[in-house]
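Down below is the structure, laid out as structure tokens.
Laboratory data are not the source of any read-out in this text; all were calculated from the coordinates shown. Note that this is a predicted model, so its numbers are computed, not measured. As a convention, Cβ positions derive from the backbone with ideal geometry for all residues, glycine included, and neighbour counts pool all protein chains shown.
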Amino acid sequence: MEVLVLNTSYQPLQILIMRKAIKLLAKNRADVIKSIEGKTIKSCYINMPLPSVIKLTQYIKYQRKPLPYSKKNVLIRDKFLCQYCGGKDGLTIDHIVPQCKNGESTFENTIACCKRCNTIKGDKTLKQSGFILSHQPRRPSPFILMRYLKHPEWEEFLYC
């Protein structure tokens, strides 16, 4: 289970596994903002509701690193839909400018694509293949994984 961590300004910082979130709570470095209904943690020292959202007690400056390029992050950015036909089956990654024509593996040059469309396009450019993109690819924000993994309790905190 994951826990959303907020700064003192209620800005989403990251997602932690439950064990690390409980350590922050036990050391009084965070407070529970929202908990999971009906579930508690019991030990000889602690009896508290299972957290879903926690807020740090001290503000920290957090320099967010850019999201690393990966197939998984491209698929999440494109909502697991083929950017040519909108299909969901057999997704892979397609290079808009093919690698054989010096196309790089970057967020701006790759999209989610079904195997059928990828086979039809082959090593052609968009103009040569006649395909049209559903949206222009760009580097996703670091919050994209938070939106992908979000729980209903996180809804009001993920304003980005």
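Database remark: amide H of Ile96 closer than 5 angstrom to the amide H of Thr110, Ile111 (H placed geometrically; neighbours at sequence offset of 5 or more, or on other chains; Pro and chain starts carry no H). Treating r as the C-beta distance of Lys79 and Asp123 and R0 as 22 Å, the FRET efficiency rounds to 0.25.
Each 10 Å bin, from zero up to the one with the longest distance, holds this percent of the alpha carbon pairs of region 71-129: 26, 58, 16.
For region 89-160, a simple Cβ point-charge model (Lys and Arg +1, Asp and Glu -1, everything else neutral) yields a dipole of about 400 debye relative to the Cα centre. Net charge dipole, the chain: roughly 360 debye, given to the nearest 20, about the Cα centre with Cβ charges of +1 for Lys and Arg and -1 for Asp and Glu.
Helix content alone sets the calculated 222 nm mean residue ellipticity of the chain: runs of n ≥ 4 DSSP H residues at -39500 (n - 2.57) each, divided across all residues, give -5000 deg cm²/dmol.
If the Kirkwood radius is taken over C-alpha pairs of the chain, then at 25 °C and 0.890 mPa s the Stokes-Einstein diffusion coefficient equals 135 µm²/s.
All Cα-Cα separations within region 6-85 were binned at 10 Å from zero, giving a P(r) of 15, 36, 25, 18, 6, 1, each value a whole percent of the pairs. Loop-only chymotrypsin sites (Phe, Trp or Tyr not before Pro) in region 61-160, please: DSSP not H, G, I, E or B, and at most 10 other Cβ atoms within 10 Å. Counting only loop positions with at most 10 other Cβ atoms within 10 Å, the chymotrypsin sites (Phe, Trp or Tyr not before Pro) in region 61-160 are Tyr159.
Take every Cα pair under 8 Å whose residues are at least 6 apart in sequence, average their separation, divide by the length of region 71-129, and the relative contact order is 36 percent. Karplus-based coupling profile of region 94-106, in residue order and whole Hz: 10, 8, 4, 8, x, 4, 5, 10, 6, x, 8, 8, 10, with θ = phi - 60° in 6.51 cos²θ - 1.76 cosθ + 1.60 and x standing for Gly or Pro. Basic side chains Lys and Arg get +1 at the Cβ, acidic Asp and Glu get -1 at the Cβ, and with that the dipole of region 3-45 about its Cα centre reaches some 220 debye. When the chain is described by a simple charge dipole with +1 on each Lys and Arg Cβ and -1 on each Asp and Glu Cβ, the residue from Gly122, Cys85, Ile41 located farthest towards its positive end is Ile41.
Quote to one decimal, in nm, the extra length available between Tyr45 and Gln11 on full extension: 0.36 nm per residue of separation minus the C-alpha distance between them.
9.2 nm
Each residue of region 52-67 was assigned a 3J(HN,Hα) from its phi angle through the Karplus expression (A = 6.51, B = -1.76, C = 1.60, θ = phi - 60°), giving 10, 9, 10, 10, 5, 8, 10, 5, 10, 7, 10, 8, 6, 7, x, 5 Hz with x at Gly and Pro.
Shown in residue order for region 18-24 are the 3J(HN,Hα) couplings computed by the Karplus curve 6.51 cos²θ - 1.76 cosθ + 1.60 at θ = phi - 60°: 4, 4, 5, 5, 5, 4, 4 Hz (x for Gly and Pro).
Under 5 Å from the amide H of Cys85 lie the amide H atoms of Cys114, each residue being 5 or more positions distant or on a separate chain, with H modelled from the backbone and absent for Pro and chain starts. Footprinting exposure proxy ranking of Glu155, Glu108, Glu2, fewest other C-beta atoms within 10 angstrom first, gives Glu155, Glu108, Glu2. Between Ala26 and Tyr69, the FRET efficiency estimated from the beta carbon spacing at R0 = 25 angstrom works out to 0.10. Taking other Cβ atoms within 10 Å as a rough exposure proxy, Ile96, Ile17 sort from fewest to most as Ile17, Ile96. Centre-to-centre, using Cα atoms only, region 48-124 and region 1-45 are separated by 28 Å.
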